[in-house]
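For reference, the structure discussed in these notes is given below.
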Amino acid sequence: MGDLLSYSGITTKVRAMESHLISENQFHEMAGLSTVTEAVDYLSHLKPYNGLFDDLEGSSLHRVAIEERLILSLYKDFAKLYRFANLNQRKFLDLYFMHFEIDILKKCLRNAMGNNYLDIDLLVFEDFFKLHSKLDLIKLSSSRSLTEFWTNLEGSIYYDVLSEVSDAKEPTLFDYEVHLDLLYFRTIWKVMGKHLKKEEKELLSNCFGSKLDLLNIQWIYRSKKYYQIQSTDIYSLLIPTNYHLTKEQITKMAEAGTIEEFYGVLKTTYYGRKADIEVFDLPDLEKLTKEVLDKIYRSTSQQNPYSIATLNSYLYFKEAEIQKVITLIESIRYRLTPDEIISYVEKQ
């Protein structure tokens with residue numbers, strides 16, 4: 001009864017917001033549009049995106065400007081849920097917000113390492129971040145060297161972690177990004193154990209643990225297919241935590257001699273069974289990952305509607321929607337056919 005009372009209000013709010021997520025039919029309608037202007041106009045008539053593109057037209061409808069507005073719609077949804085949440089629910093949302101911070105930090109890092117100007121305008125997000133973050137977005141986004149980036153990051157929870165990486169011999173962007181992801185997953189595990197009930201911890205562990213496992217699977221796959229990295233070196237690229245995967249399964253995938261052998265091992269794992277593929281004939285790994293995570297996030301929410309899973313699931317599918325829209329609009333820009341567009345959207 002306690003969970004029903006504490007979650008009934010925010011669950012009702014989430015259900016109302018879910019009703020405005022873009023449907024499969026609407027994606028097909030957008031895929032049939034001829035220009036980016038038409039696609040943006042279509043989006044503007046949908047409630048979550050109404051008014052977000054009013055200052056854009058013609059030549060200003062480039063990818064970055066559109067992406068900024070789409071991300072802003074995610075932040076606006078997060079802010080709505082935060083205002084509606086009780087103290088315990090806000091603890092989870094504060095933890096989820098760290099994911100937004102890390103995404104921004106990765107963009108700023110790429111900028112600093114390449115001595116470039118950041119293409120995305122973080123001023124668009126400044127008001128939102130002031131409410132939830134101690135990072136100075138403007139300073140970080142203007143960093144055009146790693147030295148300047150460290151100075152602007154000093155005092156934050158990310159400084160020590162990334163400074164340790166910088167002390168290593170010739171660290172790459174990948175090294176920095178992996179350590180940011182590691183920090184996020186470690187923080188999730190720590191906070192979940194301290195602040196959430198046992199049932200809620202199990203729900204989130206299933207989602208975040210599965211996501212962590214699937215990241216490791218993707219890194220093993222890419223290391224083998226695209227970079228021909230030796231199995232002994234693959235382990236250093238992996239997040240040293242496993243959930244549904246066993247250490248033996250990870251070892252067998254990392255040491256597989258061929259991609260076929262890799263998939264043969266993957267078929268025996270929890271995720272191979274969860275994908276429900278009868279003939280495991282070298283499937284698209286990114287699509288498989290999406291299908292498995294979609295099932296896990298959807299089932300945790302449906303089976304536990306009056307729990308933290310409802311918030312977690314909504315934010316997951318909202319982020320997926322934004323990636324689909326970005327892919328769809330760029331596909332229209334490059335004049336792909338509707339069928340080609342949908343095939344790319346379905347992978348997001």
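Any read-out appearing in this document is the output of simple, stated calculations on the displayed coordinates, not a laboratory observation. Owing to the predicted nature of the structure, the values given are computational and were not obtained by experimental measurement. Quick reminder, even Gly has a Cβ in these numbers, built from the backbone with ideal geometry, and neighbours come from all protein chains shown.
Sorting the segments 136-143, 160-167, 77-84 by their mean number of nearby beta carbons within 10 angstrom, highest to lowest, gives 136-143, 77-84, 160-167.
Fully extending the segment from residue 274 to residue 55, taken as 0.36 nm per residue of separation minus the present Cα-Cα distance, adds 74.4 nm. Near the amide H of residue 243, within less than 5 Å, lie the amide hydrogens of 213, all on another chain or at least 5 residues away, with H placed in the peptide plane.
Distance between the 7 Å Cα→Cβ label points at residue 86 and residue 287: 4.4 nm. Per residue, the Cα convex hull of the chain amounts to 156 Å³. Share of pairwise Cα-Cα distances greater than 18 Å in the stretch 90-195 is 48 percent (whole percent). Counting only DSSP H runs of at least 4 residues, each contributing -39500 (n - 2.57), and dividing by the residue count of the chain, the helix-based mean residue ellipticity at 222 nm comes to -22000 deg cm²/dmol. The simple spin-label model puts a point 7 Å past each Cα toward its Cβ; for residue 124 and residue 106 those points are separated by 1.8 nm.
How high is the FRET efficiency between residue 247 and residue 12 when r is their beta carbon distance and R₀ equals 35 Å, given to the nearest 0.05? Computed FRET efficiency for residue 247 and residue 12 comes out at 0.20. Each residue of the stretch 40-46 is assigned a 3J(HN,Hα), and the resulting list reads 5, 4, 4, 4, 4, 8, 8 Hz, derived from the Karplus form 6.51 cos²θ - 1.76 cosθ + 1.60 (θ = phi - 60°), x at Gly and Pro. Relative contact order for the chain: 22 percent, from Cα pairs under 8 Å spaced at least 6 residues apart, divided by residue count.
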